[in-house]
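The values are calculated or read from the model by the stated rules, or taken from the named source; none is laboratory data. What you see is a predicted model; the values in this text were computed from it and never measured. In this analysis, Cβ positions are derived from the backbone assuming ideal geometry, glycine residues included, and neighbour counts consider all displayed protein chains.
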Amino acid sequence: MARASKKKRARKKATKRGSPEAIAKRKAARKLNDLFSRGGADAALDGRTLKRKQRLLDELAKGKSGRPLTALEVLSHADQLLSLDESLTSLRKLVKALPAPARTEENKSLLAEAQQLYDFDPKAWKLLGVDIDSFTARR
């Protein structure tokens, strides 16, 4: 009996998803079904994306674990939601307006550096009261 169980273990594949060909077929089948079921509309979101979008909206409105979001979290959430075709107007309704930072050289370089490193959607900065284009524009 011990030998039979060893053989069974040896036959199992390392992944539970199957061969790369089977994975590719499933992906192609999903895309084909989506194409014909939605009329080719790319705007429709799958269930996981809808749940993620709703979670981001909830966190943006209420905060995370009972605490308000940091500026970086607001930017990150807004950037992701804007990429999911959420409007800036709807996001502004969720986020309290923050005062714009002073236009000092130090702040200007800090904002420009953050934008360069993170590459957020420029519209996301408007939730923090910043027109990032004016801060990062060359003199």
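Results, tabulated for the structure shown:
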{"item": "Selection status of Arg26, of a type outside the set (Val, Ile, Thr), part of a helix (DSSP H, G or I) and either under 28 Å from Lys123 (Cα atoms) or modelled with pLDDT under 80 (or both)", "result": "no"}
{"item": "Residues located in segment 32-42, provided they are exposed (fewer than 10 other Cβ atoms within 10 Å of the Cβ) and either at pLDDT below 70 or of a type in the set (Lys, Arg) (or both)", "result": "Gly39, Gly40, Ala41, Asp42"}
{"item": "Any hit, segment 117-137, residues being part of a helix (DSSP H, G or I), more than 26 Å from Asp58 (Cα to Cα) and small (Gly, Ala, Ser)", "result": "yes"}
{"item": "Ser76 in contact (Cβ under 8 Å) with a residue 40 or more places away in the chain, of a type outside the set (A, V, I, L, M) and closer than 14 Å to Asp121 by Cβ", "result": "yes"}
{"item": "Matching residues, segment 93-111, being loosely packed, with under 15 Cβ neighbours inside 10 Å, over 23 Å from the mean Cα position of the chain (by Cα) and charged (D, E, K, R)", "result": "Arg103, Glu105, Glu106"}
{"item": "Flag if Ala114 is touching a Leu at 6+ places or on another chain (Cβ under 6 Å), in a helix (DSSP H, G or I) and surrounded by 10 or more Cβ atoms within 10 Å (Cβ to Cβ)", "result": "no"}
{"item": "Single unsatisfied condition, Lys96 versus (1) in a loop (DSSP other than H, G, I, E, B); (2) modelled with pLDDT of 85 or more; (3) not small (Gly, Ala, Ser)", "result": "(2)"}
{"item": "Check on Leu45, assigned to a loop (DSSP other than H, G, I, E, B) and at pLDDT below 90", "result": "yes"}
